[in-house]
Amino acid sequence: MYGGGGHVEHTSPEAIREADAWLDVAAHTLLGRRIPVAKDGACFFHALAEQCQGWMPHSLRQQVVENMRGNERLRDFYAPELPGDPATFDAYLERMCSPNTHADHYCVQAAAVILNAAIWVLDATGPRTELRREGSVHTPSRILSITHRRGHFDRLLLPLNVIQALRGSSTNTYLLPPTSRSPPLQPPCPPSAI
């Protein structure tokens, strides 16, 4: 689960350095590298937009919020998880509209739908999260890779052969509920974009 709404656990500086080093080693083991993005509350949107031509972080955030707003299953499912989380789904959406509100697992799922992508997240538990749209009759157009640590996302640049191997991976696949929303206003990431 990704800490949304600005929740960041308190950890010693040494533990933070160790976690950063672990992510860098894990990325290197995959023959990739972690590319830092701004720590401004929109890091998730920066990390994805930098991988997709035609997307800006603020417009991706707007589309994610609109996708969630139109998803009745998500509205019914929403419940505050942490102290300080909005009590209602509408209040949650209002908070997510703020440019410096951290993304959470709901945002990751909505972005996968909007970008027609599997989003692969490398975090402290290992390379384990792949998100796909439920009921999709086709494979997502691409895999977008990011890292997550302590409420912050960075871009993860992986070589093509690793991405191709990930396409066949079935570890921890979370299915996204279908949505009645119309297609995004901006084009999905072209498969050739890197």
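Expressed in nm to one decimal, what extension gain is obtained for the pair ALA38 and SER141 from 0.36 nm per residue of sequence separation less their Cα-Cα distance?
Details: separation 103, 0.36 × 103 = 37.08 nm, distance 2.63 nm.
Roughly 34.4 nm would be gained on extension.
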Can you tell me how much longer the chain between HIS58 and ASN100 gets when fully stretched, taken as 0.36 nm per residue apart minus their C-alpha distance, in nm with one decimal? 14.1 nm
For ASP85, residues with placed amide H under 5 Å, excluding near neighbours: none
The long-range amide H neighbours of LEU156, using H built 1.01 Å from N in the peptide plane and a cut-off of under 5 Å, are ILE35, SER145, ILE146, THR147
Ranked highest first by the average count of other Cβ atoms within 10 Å around their residues, in what order do 46-52, 79-85, 98-104, 33-39 fall? 46-52, 98-104, 33-39, 79-85
Chain lengthening between GLU50 and LEU160 when straightened (0.36 nm per residue, less Cα-Cα): 37.9 nm
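Give me the one-decimal Kirkwood hydrodynamic radius in Å for the range 31-87, with the sum taken over alpha-carbon pairs. Please report the intermediate quantities before stating the final value.
Numbers: mean 1/r = 0.0736 Å⁻¹.
About 13.6 Å for the range 31-87.
Could you calculate, for the range 76-118, the ratio of the Cα radius of gyration to the Kirkwood radius, expressed as Rg to Rh? Don't skip to the end; give the middle numbers.
Details: Rg = 11.2 Å, Rh = 11.4 Å.
When Rh is taken as the Kirkwood radius, the ratio is 0.99.
Each reported figure results from applying straightforward, stated rules to the coordinates on display, with no laboratory input. What you see is a predicted model; the values in this text were computed from it and never measured. Neighbour counts are summed over all protein chains in view; Cβ atoms, including those assigned to glycine, are modelled from backbone coordinates with ideal geometry.
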